[in-house]
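The values are calculated or read from the model by the stated rules, or taken from the named source; none is laboratory data. Predicted, not measured: the structure shown is a model, and the values here were computed from it. With ideal geometry, Cβ positions are generated from the backbone for all residues, glycine too; neighbour counts draw on all protein chains shown. Please note that ligands, DNA and RNA were not included when accessible areas were found on the heavy atoms of the full protein model with its side chains. Shrake-Rupley method; radii C 1.70, N 1.55, O 1.52, S 1.80 Å.
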Amino acid sequence: MAHEKFRDTDTPADERIKDLLSKMTLEEKVSQMLHESAAIPKLGIPAYTWWNECLHGVARSGRASVFPQAIGMAAAFDDDLVYRVADAISDEARAIFHAAEDRKSLPRYSGLTFWTPNINIFRDPRWGRGQETYGEDPVLTARLGVAFVKGLQGDHPKYMKAAACAKHYAVHSGPEGNRHHFNAQAGLKDMQETYLPAFKALVDAGVEAVMCAYNRTNDEACCGSQVLIQDILRDHWGFEGHVVSDCWAIRDFHEHHNVTKNAVESAALALKRGINLNCGDVYKNLTQAVNQGLVEEKEIDKSLAYLLKTKIKLGLFDPPENNPYTQIGTEVIGCEKHRQLSSEVAQKSVVLLKNDGILPLKKDIRYLFVTGPQATSTEVLMGNYYGVNEKMVTLLEGVVNKLEVGSFIQYKHGCLLDRDNANPFDWTSGDATEADATIAFVGISALLEGEEGEAIASPTLGDRIHMDFPENQIKFLKKLRKKSDKPIIAVVTGGSPMEMHEVHDIADAVLWVGYPGQEGGNAVADILFGDACPSGRLPITFPMSVEDLPPFENYDMTDRTYRYMSKKPMYPFGFGLSYSRFEYSNLELEKTQISKKDSVRAQVTVKNTGDLAGDEVVQLYVSDVEATVRVPNWALKDFRRVSLESGKSQSVTFELTPDMFSLIDEKGNHLIEPGDFRVLIGGCSPGERGAELGACEPAEAVITVK
């Protein structure tokens, strides 16, 4: 097939695509627009499955490195770290793909087109899939999403290492049980201010694909939306990659949304709106749609061209020796370098929420009691959309590995995950009486939260409607507290906020560890025993109670996230304690008065005033003092992670650009209104709650925009 023009690597991509299309029948073209694309033997084109996942490691396709779940990566507030994770993932992806090629076996989850990252805003803590996201803030989400895309796709001038996909476009965050027929209503302001910025950032960064969501947005099915796909994504943003439907979302057109009468009409509508690839089987009806005059073959050619361009970028039509990424060997899969990286991410993602001076623990502690339903669980290491690894270090194993010889440790499961023990005998709490300290590994897992059908212990299809901490676990912690006046450390797993006030009151120290990946046990133990200093920050607000939230189905941002909440939270966005202490001082603005077109530098001194070396996540927030429309209380604009030895200080500089002072009116317009803006730099989002919990005092200044 070397003589075929579409295989000529010196020919421009558009000409290669034109040549290939000219050699395909209508039926063959249609077959290439399904996620399981058929082989075309006459052209030497093998079958290809577009569906693959790599949310925090290559998923569902055999042995791979398992990094912390996305919400945990977000807690690290470190885009360079996320880039390195994605770079490692794409190395393993290439190795897995080519190994499958060599075996002549290319099942689902073996391809190079990954439907990752999930950049939906975690606007409501009840959403079960929030764990897949980078949290509630558009700036944090955009920064980390861009880093992931760049790491996954690589930087070769001709070839992509793997193709990334921004999902789920665009207003999609529960309820899971209604997603196939739900109509999310979002005003133009919230669209431009909250729901769209991360997608725009990823498009600008060159993401190869965008996945449209199941639900409707403002009355249009997302995968059939003139506004979202044609007006915004293609025309306004200039997106040049391909658009893929969420799986079987086009079928929802006629089965749930009732915007079409049957599968043929649904296929025609999706094609005309700009969906290039159908995850599902509705597009097999495109041949019939052409025969009925609903679409023209030239429309299919135009749409398929986007997919063929992606394949060309991946080098799927080229000699392997031309593509440097084909040389990545299987030795990278689950390698020691990636294990160390997983451990680093997990360490940086642990958030210390409370510490009454008992942490870090001593490795020569006389007697340590470990208990709780999550201590020996590998489920809590993985979250959802996970890979598997031959060495998953449980939380108990990590703790045992830290203790010196001669220290006594006892373990009992203690209580079940989400229901009372059937056996009435209590052979657990007595150990807490004898021990010098108790570590209780508690919380939830992806059995209780996640996607529609995967959270098999969830009665609400993966969502956590009541946001409650499992009541049986609360009772267990109370029993431990009643039996012992010795320190209790609660290590909480899970990917979403829970009502934590009782846990906070009972325990002497509280850590949130998300779903920390294959090295989770070692990384958490590093924090518990002081081999690493906690530096994670919450990427989402923990409300005091579900009663403080608007209705789950309401997509208006009023009273949602730290930017618009009026109620005091349990734990604020950006919050996290350290074993050390940091001080902010000498905030200096290059200018205190600027025009609407000016940028200005802000410089602050950060000093480690504690006894231990540690990392500090320096966060820049801006607030519009007086605006003509509703604006955020505060909004994160930039952040930087710095490492400081005890007693050392560092000057940190941020550039305040004009867009950081802009507001978005109710019509979705970006405006800069003259007036005063408060600039705050600190280690937590602004508000009294952070100070109450021990967050460092921030530095603040005022700048006037004329």
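Taking each pair of different alpha-carbon atoms in the stretch 528-593 once, compute 1/r for the pair, average those values, and report the inverse of that mean as the Kirkwood hydrodynamic radius in Å to one decimal.
15.0 Å
How do 124, 659 rank by accessible surface area computed with a 1.4 Å probe, from largest to smallest? Mind dumping the intermediate values first?
On the way: 124 0, 659 100 Å².
Result of the area sort, largest leading: 659, 124.
List the relative contact order of the chain as a percent without decimals, with contacts defined as Cα pairs under 8 Å and 6+ residues apart.
On the way: 1740 pairs, mean separation 102.5, N = 706.
Computed over the chain, the figure is 15 percent.
Explain nothing, just the number: dipole magnitude of the chain about its Cα centre with +1 on each Lys and Arg Cβ and -1 on each Asp and Glu Cβ, in debye rounded to the nearest 20. Could the numbers behind the result be given before it?
Details: 76 positive and 100 negative charges, 123 e Å.
About 600 debye.
Roughly what angle does helix 138-153 make with the longest principal axis of the chain, taking Cα atoms, 0 to 90 degrees, to the nearest 10?
Once rounded, the angle reads 60 degrees.
From a point 7 Å beyond the Cα of residue 706 in the direction of its Cβ, which residues of the stretch 664-684 have a backbone N at a distance under 19 Å?
Within reach of a label on residue 706: 672-678.
Once you keep just the Cα pairs under 8 angstrom separated by 6 or more residues, what percentage relative contact order results for the stretch 207-295?
Averaging sequence separation for qualifying contacts and normalising by length gives 30 percent for the stretch 207-295.
Set the Förster distance to 56 Å, then compute FRET efficiency between residue 589 and residue 427 from the Cβ-Cβ distance, nearest 0.05.
0.35
Using modelled backbone amide H atoms (1.01 Å from N, in-plane), which distant-in-sequence or interchain residues come within less than 5 Å of residue 295's amide H?
290
Top to bottom by accessible area (1.4 Å), largest first, where do 566, 685 land?
On the way: 566 90, 685 5 Å².
Ranked from most to least accessible, the order is 566, 685.
For the stretch 412-418, in order, what is each residue's ³J(HN,Hα) by Karplus, 6.51 cos²θ - 1.76 cosθ + 1.60 with θ = phi - 60°, in whole Hz (x at glycine and Pro)?
9, 4, x, 8, 7, 5, 9
Taking Cα atoms, how many degrees apart are the long axis of helix 79-102 and the longest axis of the chain, rounded to 10 and kept between 0 and 90?
With both axes taken from Cα atoms, the answer is about 50 degrees.
Restricting the count to DSSP beta bridges whose residues both fall in the chain, what percent are antiparallel, rounded to a multiple of 5?
The antiparallel fraction comes to roughly 55 percent.
On the first, second and third principal axes, largest extent first, how far apart are the outermost C-alpha atoms of the chain in Å?
Computed over the chain, the largest-to-smallest principal extents equal 77, 63, 48 Å.
Can you tell me the FRET efficiency between residue 219 and residue 155 if r is taken as the Cβ-Cβ distance and R0 is 35 Å, rounded to the nearest 0.05?
0.30
Measure off 7 Å from each Cα along the Cα-to-Cβ vector at residue 465 and residue 409, then give the distance between these two points in nanometres to one decimal.
4.1 nm
Tell me what the chain gives for mean residue ellipticity at 222 nm when only DSSP H runs of n ≥ 4 count, each as -39,500 (n - 2.57), the sum divided by the residue total, rounded to 500 deg cm²/dmol.
-7000 deg cm²/dmol
For a quick check of your reading of the filter: which trypsin sites (Lys or Arg not before Pro) in the stretch 559-625 sit in a DSSP loop and have no more than 16 other Cβ atoms within 10 Å? Please list the in-between numbers first.
Values: sites: 560, 563, 567, 581, 591, 596, 597, 601, 607; in loops: 560, 567, 581, 591, 596, 597.
Passing sites in the stretch 559-625 are 567, 591, 596, 597.
Provide 127, 248 ordered by accessible surface of protein heavy atoms (probe 1.4 Å), highest first.
248, 127
How far, in nm, would the chain grow between residue 691 and residue 419 when pulled straight, counting 0.36 nm per residue and subtracting the alpha carbon separation? Write out the running numbers ahead of the final one.
On the way: separation 272, 0.36 × 272 = 97.92 nm, distance 3.55 nm.
Length gained, residue 691 through residue 419: 94.4 nm.
For the stretch 568-701, what relative contact order do you get, as a whole percent, if you take Cα pairs closer than 8 Å and at least 6 residues apart? Mind dumping the intermediate values first?
Numbers: 297 pairs, mean separation 44.7, N = 134.
For the stretch 568-701, the relative contact order is 33 percent.
Mind giving me the nanometre distance, one decimal, between the label points for residue 101 and residue 390, set 7 Å out from Cα along Cα→Cβ?
Label-label distance for residue 101 and residue 390, simple model: 2.5 nm.
Using only Cα positions of the stretch 342-394, each an equal point scatterer, no hydration layer, compute I(q)/I(0) via Debye at q = 0.15, 0.16, 0.27 Å⁻¹ and quote the log10 values to two decimals.
At q = 0.15, 0.16, 0.27 Å⁻¹ the computed log10 ratios are -0.66, -0.75, -1.28.
How long is the stretch 58-141 along each principal axis, judged by its Cα atoms, biggest number first, in Å?
Here the spans come out as 44, 26, 18 Å, largest first.
Treating the angle as unsigned and between 0 and 90°, give the value, to the nearest 10°, between the Cα long axis of helix 297-314 and the longest Cα principal axis of the chain.
Tilt relative to the chain: about 50 degrees.
Beyond a 28 Å Cα-Cα separation, which of these cross-linked pairs lie in this structure: 189/567; 150/337; 42/200; 309/667?
42/200; 309/667
Using 0.36 nm times the number of residues separating residue 22 and residue 478, minus their current alpha carbon distance, what extension gain do you get?
Once the chain is fully extended between residue 22 and residue 478, it gains 157.0 nm.
Which part of the stretch 689-703 falls in the paramagnetic zone of residue 596, meaning amide N under 17 Å from the point 7 Å along Cα-to-beta-carbon?
Under 17 Å, as judged by backbone N against the label point of residue 596, lies no residue of the stretch 689-703.
Under the classification rounded if a/c is under 1.5, otherwise prolate if a/b is larger than b/c and oblate if not, where does the stretch 661-706 fall, given a ≥ b ≥ c as square roots of the Cα gyration tensor eigenvalues?
oblate
Taking GluC sites (Glu not before Pro) as candidate sites, keep only those in a DSSP loop with at most 16 other Cβ atoms within 10 Å, then name the longest stretch of the chain containing none of them.
Within the chain, the longest run free of exposed GluC sites (Glu not before Pro) spans 5-239.
List the residues of the stretch 398-421 whose backbone N lies under 18 Å from a point placed 7 Å from the Cα of residue 456 along the Cα-to-Cβ direction.
417-419
Which of the aspartates and glutamates could be linked to residue 475 by a straight reach, that is with a Cα gap under 12 Å, when you skip same-chain ones fewer than 8 residues away?
418, 420, 502
Round to a whole number: what % of the accessible area of the chain belongs to carbon and sulfur, probe 1.4 Å? Don't skip to the answer; put the middle values down first.
Details: 12420 of 25610 Å².
Answer for the chain is 48 percent, counting heavy atoms of protein chains only.
Would you mind getting me the FRET efficiency between residue 331 and residue 603? Use the beta-carbon distance for r and R0 = 51 Å, nearest 0.05.
0.65
Using the heavy atoms of the protein chains alone and a 1.4 angstrom probe, what is the accessible area of the stretch 298-393 per residue in square angstrom? Please list the in-between numbers first.
On the way: 3770 Å² over 96 residues.
Accessible area per residue: 39 Å².
So who's got an amide H within less than 5 Å of the one on residue 218, skipping anything under 5 residues away but keeping other chains? H placed 1.01 Å off N, in plane.
184, 185, 186
Tell me the label-point distance for the pair residue 629, residue 247, using the 7 Å Cα-to-Cβ offset, in nm and rounded to one decimal.
Going by the 7 Å Cα→Cβ label model, 3.9 nm.
Would you give the gap between the C-alpha center of the stretch 578-593 and the C-alpha center of the stretch 608-680, rounded to a whole Å?
A separation of 11 Å, based on Cα centres.
Treating cross-link reach as a plain straight distance, find the lysines whose alpha-carbon is under 19 Å from the alpha-carbon of residue 478, omitting any fewer than eight places away in the same chain.
354, 412, 486
Keeping all protein chains in the complex and leaving out DNA, RNA and ligands, what accessible area do you get for residue 9 with a 1.4 Å probe, in Å² to the nearest 10?
The accessible area comes out at roughly 30 Å².
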